[in-house]
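The values are calculated or read from the model by the stated rules, or taken from the named source; none is laboratory data. These numbers were taken from a predicted model, which means no experiment stands behind them. A quick note on method: Cβ atoms are made from the backbone with ideal geometry, for glycine too, and the neighbour counts reach across all protein chains shown. Protein only, heavy atoms only, side chains kept; ligands, DNA and RNA dropped before computing areas. Shrake-Rupley method; radii C 1.70, N 1.55, O 1.52, S 1.80 Å.
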Amino acid sequence: MIIERVVLNSRPGKNGVPVAENFRLEQSTIPDTVQEGQVRVRTLYLSVDPYMLVPQLVNGCLSYFLGAAGITGLTALLGIREKGHVTVGANQTMVVSGAAGACGSLAGQIGRLEGCSRVVGIAGTDEKCSILVSEMGFNAAINYKKENVAEQLRKLCPGGVDVYFDNVGGDISDTVISQMNQNSHIILCGQISQYNKDVPYPPPLPPDIEKIQKERNITRERFLVLNYMDKQEASVLQLCQWIQEGKLKVRETVIKGLANIGAAFQSMMNGGNIGKQIVLVSK
């Protein structure tokens with residue numbers, strides 16, 4: 001029996017950007033007969049993310065366990081609960097960068113479900129911004145490629161920002177932090193704008209932004225979802241319940257074929273996906 005696998009063909013190098021050519025498809029042969037004590041499995045879906053949980057059916061959608069009901073959803077939910085300090089009735093405003101991505105699209109919805117009175121997303125196309133507002137319940141969205149983010153934040157968040165779910169880092173995050181309130185909170189989920197640069201994690205803030213953070217007592221701590229695995233089961237059940245009730249909308253961008261995993265990864269890193277980037281291997 002012939003099987004296929006994808007291996008790393010080459011590395012982008014320091015400050016390099018990953019491309020599809022960094023991956024290579026290989027074929028090998030395994031015996032047709034399964035021996036005692038062995039199991040043959042067939043891959044259905046693969047996840048491509050800057051990281052990588054197991055399966056459970058959610059409305060019959062197995063792939064959801066790679067995203068909304070898996071580590072992506074857990075990151076959004078536990079990040080908000082553990083680092084966001086969202087309080088029902090506190091009239092808090094949340095801003096989400098990378099808002100149309102796998103984690104950001106869930107985080108904004110979860111922020112609203114957990115008690116935020118206003119949720120504003122930042123994304124890179126008009127289509128993404130429209131989906132965030134029309135499908136996912138964001139109050140507003142900013143196209144950072146076409147609009148002045150600072151001006152739009154002042155307009156859309158007149159009371160300032162209380163919770164910032166940070167997926168991108170860089171200039172966008174600096175702009176958001178400059179408009180955050182006293183004793184507000186940054187959920188440091190990702191820094192995708194910095195991943196291909198040779199900088200420490202989390203990347204240091206520019207001196208003027210760091211001064212704002214300290215003066216306003218804004219929390220900005222590393223967040224690793226694997227540190228909260230004691231809350232995994234209850235959190236997955238909560239995510240599944242919201243999905244089944246239609247309270248948590250899930251978007252996926254699907255590319256077919258194992259050979260295209262490199263292209264899928266490159267597209268995801270460049271913001272080509274809406275929601276979770278998935279590779280469909282077989283059915």
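For the chain, what is the Kirkwood estimate of the hydrodynamic radius, computed as the reciprocal of the mean inverse distance between distinct Cα atoms, to one decimal in Å?
After inverting the mean inverse Cα-Cα distance, the result is 19.9 Å.
Using a basic spin-label model with each label point 7 Å from the Cα along Cα→Cβ, how many nm lie between N91 and S10?
Each label point lies 7 Å from its Cα, and together they span 5.8 nm.
Ignoring ligands, DNA and RNA, what percent of the 1.4 Å accessible area of the chain is carbon and sulfur?
50 percent
Taking 0.36 nm per residue of separation and subtracting the Cα-Cα distance, what length does fully extending Q232 through E135 add?
32.2 nm
Using only Cα atoms, what Kirkwood radius does the stretch 138-242 have, in angstroms?
By the Kirkwood definition, the hydrodynamic radius is 15.4 Å.
From the convex hull of the Cα coordinates of the stretch 55-160, what is the mean projected area in square nanometres?
Spelled out: convex hull of the Cα atoms, projected over all directions, averaged, 7.0 nm².
Express in Å², to the nearest 10, the accessible area of K249 obtained by rolling a 1.4 Å probe over the protein heavy atoms while all chains stay in place.
Approximately 90 Å² of K249 is accessible to the 1.4 Å probe.
Along its three principal axes, how long is the stretch 105-158 when you only count alpha carbons? Whole Å, largest extent first please.
Sorted from largest, the Cα extents of the stretch 105-158 read 30, 25, 14 Å.
What does the convex hull of the alpha-carbon atoms of the stretch 210-267 project to on average, in nm²? Don't skip to the end; give the middle numbers.
Values: hull surface 31.5 nm².
Averaging across all directions leaves 7.9 nm² for the Cα convex hull.
In whole angstrom, how far apart do the alpha carbon centroids of the stretch 227-283 and the stretch 71-138 sit?
With the stretch 227-283 and the stretch 71-138 each reduced to a Cα centre, they are spaced 16 Å.
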